[in-house]
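One structure is given here, and the rest of the page talks about it.
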Amino acid sequence: MERKKLPIGIEFFKYFKKDHFYYVDKTGFIRDLVKARGSVNLFTRPRRFGKSLNMDMLKSFFEIGTDPLLFEGLEISRDTVLCEQYMGRYPVISISLKDVEGEDFRTAYDMLGNVICEEAERLGFLLESDRLMESEKGKMSRLMNGDFGKAADLHRSLRVLTQLLSNHYGNPVIVLIDEYDVPLDKAYQKGYYQQMVTLIRSLFSQVLKTNKNLYFAVITGCLRIAKESIFTGLNNFKVRTISDVGYADYFGFTADEVRELLLYYGLEEKFEMFREWYDGYRFGEVEVYCPWDVINQCDKLLESEDAPMEAHWENSSSNAIVQDILETATETTKSQIESLISGESVEKALVPELTYTDLDSKDKEVRQTYLWSVLFATGYLTDAARPENGVHKLVIPNREVRGIYEKRIRSWFKARITSDTSRWKKFCEALEAGRCKEVEKLFNEFMSAAISVRDTYVRKEMKENFYHGMLLGLLQAEGSWSVRSNAESGIGYTDIRLEIPAARVGCVIEVKYAENGKYEQACEEAMEQIEKGRYAEILRQDGMQLIHKYGIACYKKSCKIRYRAE
């Protein structure tokens, strides 16, 4: 039997069965939602954890005219009473705000209008309804044409759609709004935040508050925005964040689900690598893997069984807000990030209801509290245990996310060091000339001012990667040099290989972590690896006439260097 395809980027539920994609069954979400829902239900999760697919699954289940075969064999189909009562019984409005953005408010406003217009067009059959008056059909026609002559027309648009659908079917309407906070995030970045807050608040208030045509609503996003009163005045408003126990295993993959997926594709021996790279998130009391990472890495391994583990989540979407807030980090915060990289935890009282305006607060303490809260809500940190008295024990979830922090720290290090132009130039000149003691002295000075990896349980090769990255940042700042990282040389791979074409000089650099300060042993291992691996061979082939070999041993914030030339 032909193996199912991996669902990379598939967000529409119907395609899983229709086009034979692998599906991790999350239909139990429907049962739990029906049994414990509020009139408005907000689910916050980091990006790429299946929010959009779950929303389309809800649409596919509840909407009148659905195909029951889509759910055949899935968990929800075993609850025959619930399926009889709810499947295909309700009109549904389903929109996503993920593309509502622009360089200015007017553009973003028009983008939101386009979203409403497209949903109205999907429901265009209402123009033929014999249950709607001509005046109501006129309203529908204007929505389909994107005719929002007055701001109030856009503000009331979703409420009008619920009224028209309810009048046509004689049933109240289910409203699904995906990625509700994206317009707020984009507006904050572009400088029209307050205007967007006013628009979203009014849109939501109109459709969600005291609306007799609303059965219930489900809203998803990364952050819980409440202080600006986005959801003001709503009764029976339920919020389920990543700290809540309920619905915890319906977003992301559990360990058992990852094992089953890997077994299906013949990759079960890779499970520990997947755990190290993509596990570690804690939703409620459930350990969760990032599904985007798991699926994409499976695809890589099916193409090549020797494919390296990669960071997929990091590159799948904008990290702009995280980058912005890390840029404002205090020295204390940077030190705490150092602890996190080392595998330690930090304890923080977080703010459950976030507001972008507080990120700009002049009060440093307020700003840093929100920094940690955003990092937690967006998946850059997770709970090591269940929070107690509102205090979270925060850790970096996995190897992929640790790499994001390491890059940020290396950029801090590079900016600080290269701003000291005189010392940095001396370092480069000494490296080119083979003045080992001077290189060692200057690199030690740089390291003393930099964040380092502490000597904790983080694996040795990960510590080496950190120091490797620091050194690489220094060398790449010299624009006239050809610098390669982990480049193939001889019969193996050297940490750093650089060529200075104008001087016909090449360097081979191997970095080792000196466990417990055993510098001499680590230096010897580095030099031995350079020789056995014949790492200098490719430099000779490239015409380098003088080759410097550096074995560098690092421990905490100091180093020793062994040197040979040929």
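With the requirement that a residue be among the β-branched types (Val, Ile, Thr) and buried (at least 19 other Cβ atoms within 10 Å of the Cβ), what does segment 11-31 give you?
27, 30, listed by residue number.
Does residue 76 satisfy being over 19 Å from residue 185 (Cβ atoms) and either in contact with an Asp or Glu (Cβ under 9 Å, 6 or more places away or on another chain) or buried (at least 18 other Cβ atoms within 10 Å of the Cβ) (or both)?
Here the answer is yes, as residue 76 does meet what is asked.
Among the listed residues 34, 81, 40, which satisfies the condition of being over 25 Å from residue 179 (Cα atoms) and either open to solvent by less than 10 Å² (accessible area, probe 1.4 Å) or among the hydrophobic types (A, V, I, L, M, F, W, C) (or both)?
From the options 34, 81, 40, the qualifying one is 81.
Could you grab me the full set of residues in segment 146-196 that are assigned to a loop (DSSP other than H, G, I, E, B), buried (at least 19 other Cβ atoms within 10 Å of the Cβ) and out of contact with any helix residue (DSSP H, G or I) (no Cβ under 6 Å at 6 or more places or on another chain)?
Result: 179, 180, 181.
Just a yes or no: is a residue in segment 480-501 at pLDDT 80 or above, surrounded by fewer than 19 Cβ atoms within 10 Å (Cβ to Cβ) and part of a helix (DSSP H, G or I)?
Within segment 480-501, one or more residues are at pLDDT 80 or above, surrounded by fewer than 19 Cβ atoms within 10 Å (Cβ to Cβ) and part of a helix (DSSP H, G or I).
Output the residues belonging to segment 279-294 that are surrounded by 23 or more Cβ atoms within 10 Å (Cβ to Cβ) and without any contact (Cβ under 8 Å) to a residue 40 or more places away in the chain.
Within segment 279-294, 289 is the sole residue that qualifies.
Mind counting the residues in segment 152-199 that are under 35 Å from the mean Cα position of the chain (by Cα) and in contact (Cβ under 8 Å) with a residue 40 or more places away in the chain?
31
Output the residue which, of all residues in segment 13-70 that are in a loop (DSSP other than H, G, I, E, B) and β-branched (Val, Ile, Thr), is farthest from residue 173 (Cα to Cα).
24
Could you check, for segment 515-538, whether at least one of its residues is over 30 Å from residue 335 (Cα atoms), out of contact with any strand residue (DSSP E or B) (no Cβ under 9 Å at 6 or more places or on another chain), modelled with pLDDT of 90 or more and open to solvent by 30 Å² or more (accessible area, probe 1.4 Å)?
no
So which pairs qualify, if the first residue must be in segment 436-459 and charged (D, E, K, R) and in a loop (DSSP other than H, G, I, E, B), the second must be at pLDDT 70 or above and crowded, with 19+ Cβ neighbours inside 10 Å, the Cβ gap must be under 6 Å, and the two must be at least 6 apart or on different chains?
454/342
Checking the condition of a type outside the set (Asp, Glu), surrounded by fewer than 22 Cβ atoms within 10 Å (Cβ to Cβ) and over 27 Å from residue 96 (Cα atoms), which residue from 216, 271 passes?
Matching residue, one of 216, 271: 271.
Test residue 245 against the stated conditions and say whether it is outside any helix (DSSP H, G or I), closer than 19 Å to residue 45 by Cβ, open to solvent by 20 Å² or more (accessible area, probe 1.4 Å) and among the hydrophobic types (A, V, I, L, M, F, W, C).
yes
The values are calculated or read from the model by the stated rules, or taken from the named source; none is laboratory data. In this text, all values refer to a predicted model and were calculated from it rather than measured experimentally. With ideal geometry, Cβ positions are generated from the backbone for all residues, glycine too; neighbour counts draw on all protein chains shown. Calculation scope for accessible area: heavy atoms of the full protein, side chains included, ligands and nucleic acids excluded. Shrake-Rupley method; radii C 1.70, N 1.55, O 1.52, S 1.80 Å.
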